[in-house]
Structures are given as C-alpha cells and as structure tokens.
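These notes are about the structure you will find just below.
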Amino acid sequence: MAQQTPAARKQARIASIVIAATIVLWMGANWVGGQIGLPIKYAFLFDFVAMAAFGWALIVLFGVWRDGQQTKD
C-alpha cells in the first residue's frame, strides 16, 4: 500500500469536508424552505448546488485516487 503525500491527504480531507457540509446544508436548506414556504424553484436550486459540490468532490477524490495509483508503481 502506497503512502499518500501530504498534498493528497489535504485534498482528500477538503473533499470529505465539502461532502459532509453539503449534506448538512442541503438538508437544512430544504427543510427551512419547506417551513417558510419557499417556491419549488429554490428547492431545485439547492439540489443543483448540492450536485455541483458532490461532482467537484468526486473529481477531486478521483484525482487523489489516480495519483495514488501512479505512485504505487
């Protein structure tokens, strides 16, 4: 098993924080929106922002994984 570089660990940590924060904020935004009666277009906006954050984190984590595969050899 190859050791990760400090930069890779930092990227993975940031991506995991983004994932956790996105889940909490996404659920909170949808709950608050339902409580105050925001129009449905805002629910879609929250969903799209969450998908963008998850997509970014997926791309970052894929890059970390690829770097780990290349340094393993």
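Tabulated values for the structure
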item: Between 0 and 90°, nearest 10: helix 40-72 axis offset from the chain longest Cα axis; result: 0
item: Net charge dipole size for the chain [Lys, Arg +1 and Asp, Glu -1 on Cβ; Debye, nearest 20]; result: 140
item: The chain: relative contact order as a whole-number percent, Cα under 8 Å and 6+ apart; result: 54
item: The chain: chymotrypsin sites (Phe, Trp or Tyr not before Pro) in DSSP loop, at most 14 other beta carbons within 10 Å; result: none
item: Modelled FRET efficiency - R0 35 Å, Arg66 with Met27, Cβ distances, 0.05 increments; result: 0.70
item: Distance between modelled label sites at Ile59 and Ala43, nm, 7 Å Cα→Cβ extension; result: 2.9
item: Between helix 6-36 and the chain: long-axis angle, C-alpha atoms, 0 to 90°, nearest 10; result: 10
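Taken together, the values in this text are just the output of simple stated rules run on the coordinates, not laboratory data. Remember, predicted model here, so these are calculated numbers, not experimental data. With ideal geometry, Cβ positions are generated from the backbone for all residues, glycine too; neighbour counts draw on all protein chains shown.
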